[in-house]
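The values are calculated or read from the model by the stated rules, or taken from the named source; none is laboratory data. All values derive from a computational prediction rather than experimental measurement. Counting neighbours? That spans all protein chains shown, and the Cβs are built from the backbone with ideal geometry, glycine included. Ligands, DNA and RNA are excluded from the accessible area calculation, which covers all protein heavy atoms including side chains. Shrake-Rupley method; radii C 1.70, N 1.55, O 1.52, S 1.80 Å.
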Amino acid sequence: MKKQICMVLSLLLLFIMEGCGNRVAEGGQGNISPESEAQTERRQNINHKGASAETEDGELSEAVSGRSQKAEQQTDMDDKILVVYFSATGTTKPLAEYAAEILNADIYEIVPEEPYTEADLAYYTNCRADQEQNDPSARPEISGSVENMEDYDIIVLGYPIWHGQAPRIISTFLESYDFSGKTVIPFCTSHSSGIGSSADNLHSLCPDSTVWAEGRRFEAETSRSTIEEWLDRMNQI
Ligand SMILES: Cc1cc2nc3c(=O)[nH]c(=O)nc-3n(C[C@H](O)[C@H](O)[C@H](O)COP(=O)(O)O)c2cc1C
């Protein structure tokens, strides 16, 4: 009988020890097992990926919505468009006129208060134009103004390149009105230079909410159909 009790107690003890052993292992596994670290890492990766996907998606949808907003602004039939240009020697002028015709837009010429003479435009002679371009604070005065700028949603802005930049009178123009929420589509003409940093520098004179389309440089005597193709492409942005 004693022997039987001993055996039952031993079995009971074994059973209890087995149970405790499992609990320790479970505890150990939960804290330190490499498998669990890998799981954590994977989870972190998934979470991280999820977060970055969200961010990317967020950025993407922001970009997409920004883009479609821009497209809307550019394609909405109700949008009112103003073509604005400055042309000292008559090269930019016909291109601006084509754009206004094609877009059925209003047109406004930036006319300097003090007209540029031939001598003023003889670049690399320290002429008036050279001096203005050398002075970032130069703001040549404009004769007249756009009365109803608030009516326009889109401004197509044409100018010649003067020493790699837009003439300072374009800065005068941009600083004279509130372009918040408007879209500006810049273009330029030049002897050979590209639009370069000229459009970006003009953009920096406008509020953050002004949308700037990518600018384009045209050579002298660019055809109406080239301007039309360009504007068609702008509409598809
Ligand atoms: C002061 C001045 C600076 C110029 N600088 C450049 C230049 O840096 N690069 C270039 O290719 N053409 C330059 N040009 C040439 C004009 O960009 C080009 O003739 C332009 O098409 C003139 O346009 P508009 O006739 O509408 O004024 C310059 C012209 C002037 C008057």
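Can you work out which of the residues in segment 88-97 that are under 28 Å from the mean Cα position of the chain (by Cα) and surrounded by fewer than 20 Cβ atoms within 10 Å (Cβ to Cβ) is nearest to F173 (Cα to Cα)?
Residue satisfying both the conditions and the ranking: K93.
Residues to consider are E147, E132, E214, E141; find the one that is open to solvent by less than 30 Å² (accessible area, probe 1.4 Å) and free of Cβ contacts under 8 Å to residues at least 60 places away in the same chain.
Exactly one residue qualifies, and that residue is E132.
Restricting attention to segment 80-109, which residues are in a loop (DSSP other than H, G, I, E, B) and within 11 Å of the ligand (Cβ to nearest atom)?
F86, S87, A88, T89, G90, T91
Do the conditions hold for S137, that is, is it within 23 Å of E113 (Cα to Cα), modelled with pLDDT of 95 or more, not hydrophobic (A, V, I, L, M, F, W, C) and not in a helix (DSSP H, G or I)?
So S137 passes the test.
State all residues of segment 149-195 that are in a strand (DSSP E or B) and away from the ligand (no atom under 16 Å from the Cβ); if no residue qualifies, say none.
I154, I155, T183, V184, I185
Give me the pairs, please: first residue somewhere in segment 102-121 and closer than 30 Å to D78 by Cβ and without any contact (Cβ under 8 Å) to a residue 60 or more places away in the chain, second residue anywhere and within 15 Å of the ligand (Cβ to nearest atom) and open to solvent by 40 Å² or more (accessible area, probe 1.4 Å), beta-carbon distance under 7 Å, and either six or more positions apart or on two chains.
Going by the 7 Å Cβ cut-off, the qualifying pairs are I107/E97.
Report yes if Y159 is open to solvent by 70 Å² or more (accessible area, probe 1.4 Å), in contact with a strand residue (DSSP E or B) (Cβ under 9 Å, 6 or more places away or on another chain) and modelled with pLDDT of 95 or more, otherwise no.
The answer is no for Y159.
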